[in-house]
Amino acid sequence: MKILSLFSRAGGFDLCFEKAGFDIVAANEYDDTIWETYEKNHTKPLLKGDICIIESDKFSDCDGIIGGPPCQSWSEADALLRDRRPTRKIILRIRMYSQRQTT
């Protein structure tokens with residue numbers, strides 16, 4: 001099964017899924033301080049930058065998506081600010097990628 005990895009960080013989720021028999025076809029990470037570490041540990045393409053501005057056609061076709069998006073926008077502890085956080089748009093972008101895969 002082909003998997004797209006979002007919010008990949010150093011690639012821990014990727015490693016676990018690969019060991020379970022999944023094929024990571026591409027990964028994405030926003031934080032440029034992590035890119036070198038990811039690329040030293042993984043051979044799959046790393047799409048660098050904000051998924052909210054990367055065009056969806058840059059991502060490989062896949063059967064599923066894994067990742068650990070920022071949780072601040074979804075936390076009950078941050079209920080007053082969560083709707084105004086820009087990271088809230090991220091889940092909408094993930095939904096767009098997943099819908100593209102099913103059409």
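Nothing in this text is a laboratory measurement; each read-out follows from the coordinates by a stated rule. Only a predicted model underlies this, so the values are computations on that prediction, with no experimental measurement involved.
With θ taken as phi - 60° and the Karplus curve 6.51 cos²θ - 1.76 cosθ + 1.60 applied, the whole-hertz 3J(HN,Hα) list for the stretch 26-34 is 6, 9, 9, 8, 7, 7, 5, 6, 9 Hz, x standing for glycine and proline. Amide H contacts for Ala10 (H built 1.01 Å from N in the peptide plane; partners 5 or more residues away or on another chain; cut-off under 5 Å): none found.
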